[in-house]
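To start, the structure itself, in structure tokens.
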Amino acid sequence: MRKTRSSLYVLAAAVAAVGGLVACSPLTAINALSPAGSTDTSTDIAYGIGARLKLDVYRPARPAAGAPVVVFFYGGNWNSGQRKDYAFVGRALASRGIVAVIPDYRLYPQVRYPDFLDDSAQAVAWVAQHIGAYGGDANSLFVMGHSAGAYNAAMVALDSRWLGKQASSPAILAGWIGLAGPYDFLPIENAAAKPVFHFPNTPLESQPVNHLDGKKLPALLIAANKDTLVNPVRNTGGLATRLRERGVPVTEIYYDGVSHTTLVGSIAAPLRGLAPTLDAIDQFVHKNASLSKVQAM
């Protein structure tokens with residue numbers, strides 16, 4: 001969603017730290033300060049037909065056999081964003097032994113709900129079929145997102161319609177991760193999101209909280225206590241409560257040192273002092289990847 005002023009102050013410091021990149025965007029600066037290190041990247045891989053239906057894969061230079069896989073969806077009100085801006089997420093996950101996939105998806109005004117969910121599911125289905133060629137284990141597959149991207153991840157994980165259209169189901173997933181996600185946002189107050197979701201005729205089925213009766217996938221839900229864009233109590237807290245009531249294992253974390261925007265920024269090396277977000281993701285993925293392998297035996 002939109003950046004807050006306080007978030008931009010922190011990100012502006014990252015920009016200023018890159019002498020030759022003073023005029024660049026905060027995300028460009030964060031990427032410049034997040035070197036690839038011992039990771040490899042494969043870019044511009046088509047998972048469907050169309051300019052936006054491409055993805056990048058980040059992996060450890062020497063991935064361990066059966067490395068877990070995370071498909072990450074970025075935010076941006078479903079009307080902005082591009083995968084290259086989140087290279088720092090892919091590199092950070094790869095540095096922890098995780099094969100990371102970052103897809104683009106179509107945005108408003110080219111499309112509206114639910115078309116970007118079809119794209120998200122198509123990307124996940126492609127990963128499930130092809131990630132072995134990049135050192136990843138399709139049996140340890142997770143979806144993850146920030147803000148609007150967390151919504152996409154939640155819907156792919158909780159609502160079987162989307163992967164069902166790809167001749168698959170959420171059963172292929174080992175778990176999902178949401179960072180500052182909007183999971184229960186009716187009536188819509190965000191002006192940018194209104195046309196995306198056909199306001200005032202937004203269907204109830206568009207809300208992740210209305211899709212809780214499927215496979216009980218482990219969930220990691222992280223939010224910023226100071227989030228002024230997506231209410232953490234209603235969205236993260238409310239969804240966590242409803243999932244637990246249905247016997248779903250949920251890890252629920254709130255951080256004080258970050259905002260809506262800097263929560264995802266804290267994954268990057270220069271901003272990790274803000275919150276241990278990467279550590280929490282790392283622990284959740286490896287723990288549940290191991291459990292999924294045991295259950296598959």
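The values are calculated or read from the model by the stated rules, or taken from the named source; none is laboratory data. Treat the numbers as computed from the prediction; the structure is a model and nothing was measured. No Cβ is skipped: glycine too gets one built from the backbone with ideal geometry, and neighbour counts run over all protein chains shown.
Couple of notes before you dig in:
- Verdict on ASN235 being polar (S, T, N, Q), within 25 Å of THR277 (Cβ to Cβ) and free of Cβ contacts under 8 Å to residues at least 12 places away in the same chain: no
- Counted as qualifying within the stretch 22-141 are the strands (runs of 3 or more DSSP E) with 1 or more residues that are β-branched (Val, Ile, Thr) and more than 19 Å from LEU278 (Cα to Cα), namely 39-46.
- Residue count, the stretch 142-181 (criterion: among the aliphatic types (A, V, I, L, M) and either part of a loop (DSSP other than H, G, I, E, B) or touching a residue at least 60 places away in the same chain (Cβ under 8 Å) (or both)): 12
- Single condition ALA138 does not satisfy, out of (1) closer than 24 Å to HIS211 by Cβ; (2) surrounded by fewer than 18 Cβ atoms within 10 Å (Cβ to Cβ); (3) out of contact with any Gly (no Cβ under 8 Å at 6 or more places or on another chain); (4) among the small types (Gly, Ala, Ser): (3)
- Looking across VAL156, VAL143, VAL124, one residue alone is within 16 Å of ARG52 (Cα to Cα) and either modelled with pLDDT under 95 or surrounded by 20 or more Cβ atoms within 10 Å (Cβ to Cβ) (or both). It is VAL124.
- Of all residue pairs spaced 6 or more apart or on separate chains, those with beta-carbon atoms under 6 Å, a first member in the stretch 91-118 that is touching a residue at least 40 places away in the same chain (Cβ under 8 Å) and within 15 Å of ILE281 (Cα to Cα) and a second member that is assigned to a helix (DSSP H, G or I) and of a type in the set (Asp, Glu) are ARG96/ASP282.
- Taking the criterion of being surrounded by 14 or more Cβ atoms within 10 Å (Cβ to Cβ), of a type in the set (A, V, I, L, M) and not in a loop (DSSP other than H, G, I, E, B), the residues of the stretch 228-257 that qualify are LEU239, ALA240, LEU243, VAL250, ILE253.
- Among the residues making up the stretch 152-169, a single one is in contact with an Asp or Glu (Cβ under 8 Å, 6 or more places away or on another chain) and within 17 Å of VAL101 (Cβ to Cβ): TRP162.
- Matching residues in the stretch 187-227 - criterion: being part of a loop (DSSP other than H, G, I, E, B), over 19 Å from PHE116 (Cα atoms), of a type outside the set (Gly, Ala, Ser) and touching a helix residue (DSSP H, G or I) at 6+ places or on another chain (Cβ under 7 Å): LEU212, LYS215, LEU217, PRO218, ASP227
- Total residues in the stretch 29-64 satisfying the condition of being out of contact with any Asp or Glu (no Cβ under 8 Å at 6 or more places or on another chain) and within 28 Å of LEU291 (Cβ to Cβ): the figure is 8.
- Within the set LEU33, LEU27, LEU93, LEU55, the sole residue that is modelled with pLDDT under 85 and among the aliphatic types (A, V, I, L, M) turns out to be LEU33.
- Here the condition is being charged (D, E, K, R) and under 19 Å from the mean Cα position of the chain (by Cα); of ASP213, ASP184, it holds for ASP184 alone.
- Contacts under 8 angstrom Cβ, first residue in the stretch 34-45 being among the charged types (D, E, K, R), partner surrounded by 13 or more Cβ atoms within 10 Å (Cβ to Cβ) and in a strand (DSSP E or B), 6 or more apart: ASP40/TYR58; ASP40/ARG59; ASP40/PRO60; ASP44/LYS54; ASP44/ASP56
- On inspection, ASP184 fails the criterion of being of a type in the set (D, E, K, R), assigned to a loop (DSSP other than H, G, I, E, B) and farther than 26 Å from ARG106 by Cβ.
- Scanning the stretch 258-297 for residues that are of a type outside the set (Ser, Thr, Tyr), in a loop (DSSP other than H, G, I, E, B) and at pLDDT 95 or above yields VAL258, ILE267, ALA268, ALA275, PRO276.
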